[in-house]
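Only the coordinates and a few stated rules stand behind these numbers; no lab work does. Predicted model, so just to flag it, every value in this text is computed and none were measured. Cβ: placed from backbone, ideal geometry, glycine included. Neighbour counts: every protein chain shown.
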Amino acid sequence: MNLLDKFLRRRTSAEAEMSFLEHLEELRWHLLRSLMAVLALAVFFFINKRLLFDVILLGPQREEFWTFRQMCRLAHATGLSGLCVKDFSFTLTNIQLAAQFMIHLKAAFVLGLVLSFPYVLWELWRFVEPALYPSERRAASGVVLMGSLLFYGGVLFAYFLVVPFTVLFLGEYQVSSAIANQINLSSYIGTVTGLCFATGLMFEFPMVIYVLARIGVATHELLAEYRRVAVVVVLLLAAMITPSPDIFSQLLVALPLYGLYEVGIIISRRVSRMEPETSGA
């Protein structure tokens, strides 16, 4: 019996059995409702083009962006004038006829997916929950709330820290003063949305470790033993999810991800200490 068969059998109640096609039909409706929520928010962002681009996506390439304003305040307080960003030495360009329209569609969809993430996660949880044993349900209680908070924490971390410094470094980097930086709009938007969404997903790692530790799959001894393997996997993941191949962007993603792995070890250790107390009660 494969994992899919086990999962579908565990979703089947004692009162009324569901066939494989009925399970797929139910999953289809969960996915369809999730897609409708994403599309509704995507339409909102598509209509509000100024909010989508001028305020949100193009914000990190302006010197009045929140992160750069805080850097200037720190520069004035410490006397380190080099921390204050005065002006960006690159401009955004578009060289394809239909590129701006397609970028508009893709960006609206990504922002719609980001804002509808809690609802999408809730729909998936509603499908998975009947297949869980009572102990597994207790271990996964609050998964939608915590998963949403962690995801948005990752998105905000990327948007206000990773993205601005990536844009600042790569946008101003020049091999020669004779070469001006003219960044393709699709490259810029892909970097911003890709880093934010990928970092949001990576921040789900502590919650996954907590659930696996509660059901006895992951232990802190096992996670600690595979630290070296985790470093290699983290670097590979960072290389795959960063839109640009530069080492700077990859390190900005890899370092927080490995930090989350260490947080996972701490969480699993605390869960293992909780188990004897729970069983004893």
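What is the distance, in nm, between label points placed 7 Å from the Cα along the Cα-to-Cβ direction at Leu255 and at Leu80?
1.3
Answer rounded, prolate or oblate for the stretch 34-110, using the Cα gyration tensor with square roots of eigenvalues a ≥ b ≥ c: rounded when a/c is under 1.5, else prolate when a/b is larger than b/c, else oblate.
Working: a/c = 4.39, a/b = 2.00, b/c = 2.20.
Oblate, because a/c is 1.5 or more while a/b does not exceed b/c.
Between beta-carbons, use under 15 Å as the cut-off and find the net charge around Val85, counting Lys and Arg +1, Asp and Glu -1.
Summing Lys and Arg as +1 and Asp and Glu as -1 gives 0.
Between Arg270 and Ala98, with labels modelled 7 Å along Cα→Cβ, what's the label distance in nm to one decimal, could you check?
Taking the two extended label points, one gets 5.1 nm.
I'd like to compare 53-61, 192-200, 39-47: which one has the highest average count of other Cβ atoms within 10 Å, and what's the full order after that?
Going from most to least packed, we get 192-200, 53-61, 39-47.
Along the Cα→Cβ direction, 7 angstrom out, place labels at Asn181 and Lys106. What is the inter-label distance in nm?
Going from the Asn181 label point to the Lys106 one covers 2.0 nm.
Return the FRET efficiency for the residue pair Met36, Leu58: r is the Cβ-Cβ distance, R0 is 25 Å, and the value is rounded to the nearest 0.05.
Plugging the Cβ-Cβ distance into 1/(1 + (r/R0)^6) gives 0.30.
In Å³ and rounded to a whole number, note down the convex hull volume per residue for the Cα atoms of the stretch 18-192.
Per residue, the Cα convex hull of the stretch 18-192 comes to 167 Å³.
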